[in-house]
1. Report, by residue number, each residue of the stretch A:28-49 that is more than 21 Å from the chain's Cα centre (by Cα) and farther than 18 Å from residue A:96 by Cβ.
2. With A:225, A:249 as the choices, which residue is touching a helix residue (DSSP H, G or I) at 6+ places or on another chain (Cβ under 7 Å) and either of a type in the set (Val, Ile, Thr) or not assigned by TED's automatic domain parsing to the domain that holds residue A:322 (or both)?
3. Is at least one residue of the stretch B:386-395 within 25 Å of residue B:64 (Cβ to Cβ) and among the β-branched types (Val, Ile, Thr)?
4. Within the stretch B:67-111, take every residue that is of a type in the set (Phe, Trp, Tyr) and closer than 29 Å to residue B:386 by Cα and give me the one that is nearest to the chain's Cα centre (by Cα).
5. Of all residues being of a type in the set (Asp, Glu) and surrounded by 19 or more Cβ atoms within 10 Å (Cβ to Cβ) in the stretch A:359-388, which is farthest from residue A:439 (Cα to Cα)? Just the residue, please.
6. Within the stretch B:372-381, can one find any residue that is touching a strand residue (DSSP E or B) at 6+ places or on another chain (Cβ under 8 Å) and among the polar types (S, T, N, Q)?
7. Among the candidates A:393, A:457, A:445, A:406, single out the residue that is away from every other protein chain (no Cβ under 13 Å) and either over 23 Å from residue B:436 (Cβ atoms) or within 25 Å of the chain's Cα centre (by Cα) (or both).
8. Please work out if residue A:341 is crowded, with 24+ Cβ neighbours inside 10 Å and either within 11 Å of chain B (Cβ to nearest Cβ) or in contact with a Pro (Cβ under 9 Å, 6 or more places away or on another chain) (or both).
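The values are calculated or read from the model by the stated rules, or taken from the named source; none is laboratory data. Predicted model, so just to flag it, every value in this text is computed and none were measured. When we count neighbours, we look across all protein chains shown, and the Cβ atoms used for this are built from the backbone with ideal geometry, even at glycine.
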Number of protein chains: 2
Amino acid sequence: MYDLVIVGAGSGGYEGALYAHRRGMQVALVELGPESVGGNCLNRGCIPSKYMRHGAYLIEKFQRLEDYGVKLGSYELSMSKLRQGRDKVVVSIRENFKRFAEHLKIPIFYGRGVLKDPNRVVVEPSGLELRTKYVLLATGSSTTSLGGLVPDGRHIYDTDQIWSLEDFPSKVLIVGGGAVGVEFAYMFRMYGSQVVLVELKDRLLPSEDIPEDSSRYLARKLKRLGVDIRLRTTIKEWKPYNGGLLVTLSDGAQVEADIILLGVGRRPNTQNLGLEELGVEKDERGFVKVNAFSQTSVPNVYACGDITSPLMLAHKAMYEAKVAISHMLGEEDMRRDDRLVPKIIYSAYEIASVGLTEEQAEEEGYETRVGVVSFVSNPKAMDDGESEGFVRIVVDREGSLLGCHILGPHAGELLHQVVHLMRANLKVDFLSKSMYAHPSLSEAIGQAGMELHFGSITWTKRR
Amino acid sequence: MYDLVIVGAGSGGYEGALYAHRRGMQVALVELGPESVGGNCLNRGCIPSKYMRHGAYLIEKFQRLEDYGVKLGSYELSMSKLRQGRDKVVVSIRENFKRFAEHLKIPIFYGRGVLKDPNRVVVEPSGLELRTKYVLLATGSSTTSLGGLVPDGRHIYDTDQIWSLEDFPSKVLIVGGGAVGVEFAYMFRMYGSQVVLVELKDRLLPSEDIPEDSSRYLARKLKRLGVDIRLRTTIKEWKPYNGGLLVTLSDGAQVEADIILLGVGRRPNTQNLGLEELGVEKDERGFVKVNAFSQTSVPNVYACGDITSPLMLAHKAMYEAKVAISHMLGEEDMRRDDRLVPKIIYSAYEIASVGLTEEQAEEEGYETRVGVVSFVSNPKAMDDGESEGFVRIVVDREGSLLGCHILGPHAGELLHQVVHLMRANLKVDFLSKSMYAHPSLSEAIGQAGMELHFGSITWTKRR
């Protein structure tokens, strides 16, 4: 009898297992196979993409190196070396986790975990039965196809298949200007591909979480780097051509491409888990319904991560796993809270956000004020040759922090300061009076706070 | 009649002027000349050094580029290009500030500001008299020589003169393994110089603020990069030799060097300001005595930054200027607090600290616990190829945050999270339950918090 069986050893599952162990629970993991431990994020998502993105970022850095007294000659690119380096990181994280689980005596059972009743998980096909007090579902999500665009791993790739490329394509057509699309557009472009990025809506990152400013900055820079952005456009048809594809877009334009990459939606893995039989409720889109403590409609069954909402982020899954486990232990101080989830995009800029945009806040009835400080005059950003971007803080009339949006160097790390303060219900007054190292990028956060708390003295035009 | 006259337009002075203006005061600045606006930090300190350090960091990055599928050919170095880039940043910050001050109608009077009485600053040599309600002294510090080592700008340089070098020296001897010494050792080494680093004490960064771990990590890496570190050693004598110098060390060893760089102490600029005549008290080392509100023994005269203590950091000056001005406005919520001052060193690693080390805390009678998490298994650090280092958090028995010491990528920005939480008196409990993006370097902070709050499950050896 386990205290907890976790179905799925992706980000939510493995973080949950470690946390449950820390908290003294007997915990077991069920995962499809040894190669999928770590889930989508580790094996085909954020980890390999951030690796390649770091390479892309350094290649971009080359272009400014003469300012630092370094004149580079030519350089050669090698996909096989890139893959080696990338796989080394992925495999080492995966194997370390397995060894660590073994060390902590957390068993990982390989197979499909199916709920037979609220206290019984069966591992298919072996039929091994695990009895448990609690269950945490952490089965993640899968790529989906888009209309007639069916990934074949030869000409049309989804984000699972793209990692098997053996060479840099000379021409890539990317479908979808969301987070995934703009990340790959940047990476392929810096590694030398010609890139066409097709987006149905009228801007990149067309999510209401992302301020328009971020979309505009990003589009401008991607264009400057040579990415061909086609907004309000979709793919109409395509045919084999010259060893690649000839693609006709909705506006009639024709584009040649070696490959098409689908940077589009994902669906939750909530089928064949026995949920229906057990009465675990799902919504009309197939997401498992959970309360603030990640608890499903069956009280001892919890769920976290991609199967619970379209906000499919590894750390959301990790956090929700901890929320669920704390609740199993009778605690109620941790709760799911999408508003505190940091969202970070790694494209030609780092684009980080938490909480509400101005527009969202106004829609919710807040009287908002916004403090914006550009990195253009931030001494550390200038020293690093990366002074494009901004910190944007949204507060209500009382100065409560409603949201923060940072575009620029190390935005993702910087954002955490504001995440902490939002969670602590500290106001912009506090932020404006903290101490910031000089020179540091963080100073821009303090200055945005000063603009809000004491009134603006900025003269820099916003763009 | 001004509300406030600030003597010195360095970091403390100009931040203070902007803040006073924000708060509605009529403020004027007095500064020696147009070229020294911005003070030591901007013109000869942190700003030019962080610029060169960024170049050094990128040169180091080259060595790992093959892992990212990028094979570099050879590269050429040019001091004149480096200087151009560096001076462009420095001059642009300086000129922007002057234009900004003009735009805000904050006058800058050039000359030496001398206090004639508590409400009168005279600008020498013009004799212009400025009447004012309050005075803020922000005159900074100057380099000092070391025994017989008198900087001549030809063979022996101080940190003011070093920026005038027209070529990279092929052999540099650096005296002092403190912050300045280890920063220049890294920079010169990456730009191709042979570097000998001489330190009197038995470790690099021999400050009690810095945990020994940080010194050890840094020494190991500097050695790996080829820096020749000589501890428990000083310079005994030197003589001209072969166009350069032949230096004899205290252990009898002989070292050839083109130049010697003195990375040693500074003294406060507290002379010839009229302080003695006015009765502004100084301590035996020449620092102006101030209370928690940066107020001197003459109630309407305040002082900030390098003239107030040996902790000579630009942001400490900036913060203290704001503390002083708030106090002039009748507020008491901001106070000088050395314990909350982030200290960041940019050498072969970024080394950041705030608050107490374990040893310091125990000396003060705390029962301490320490949470250490290595970057070695941090996925973002692995992706970025920079997984050396650690986050080290010190708490007392109740979990109150006493200090934090981070060595590794972007340590300086990461540290700010902990600075905020220490200032808010939030405990490690809070830190351990915050949400951290995955993958991010910040996760290591949360994990250090978990180690402390829930007990350790780390199996990675500390070194």
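1. A:28, A:30, A:32
2. Only one candidate passes the filter, namely A:225.
3. So far as the stretch B:386-395 goes, yes, one or more of its residues are within 25 Å of residue B:64 (Cβ to Cβ) and among the β-branched types (Val, Ile, Thr).
4. B:75
5. A:386
6. In the first step, residues of the stretch B:372-381 are kept if they are touching a strand residue (DSSP E or B) at 6+ places or on another chain (Cβ under 8 Å); the result is B:372-375.
Keeping just the survivors that are among the polar types (S, T, N, Q) gives B:374.
Scanning the stretch B:372-381 turns up at least one residue that is touching a strand residue (DSSP E or B) at 6+ places or on another chain (Cβ under 8 Å) and among the polar types (S, T, N, Q).
7. Working: A:457 fails: away from every other protein chain (no Cβ under 13 Å); A:445 fails: away from every other protein chain (no Cβ under 13 Å); A:406 fails: away from every other protein chain (no Cβ under 13 Å).
The conditions single out A:393.
8. On the way: crowded, with 24+ Cβ neighbours inside 10 Å: no; either within 11 Å of chain B (Cβ to nearest Cβ) or in contact with a Pro (Cβ under 9 Å, 6 or more places away or on another chain) (or both): yes.
Taking the combined requirement at face value, the residue does not satisfy it.
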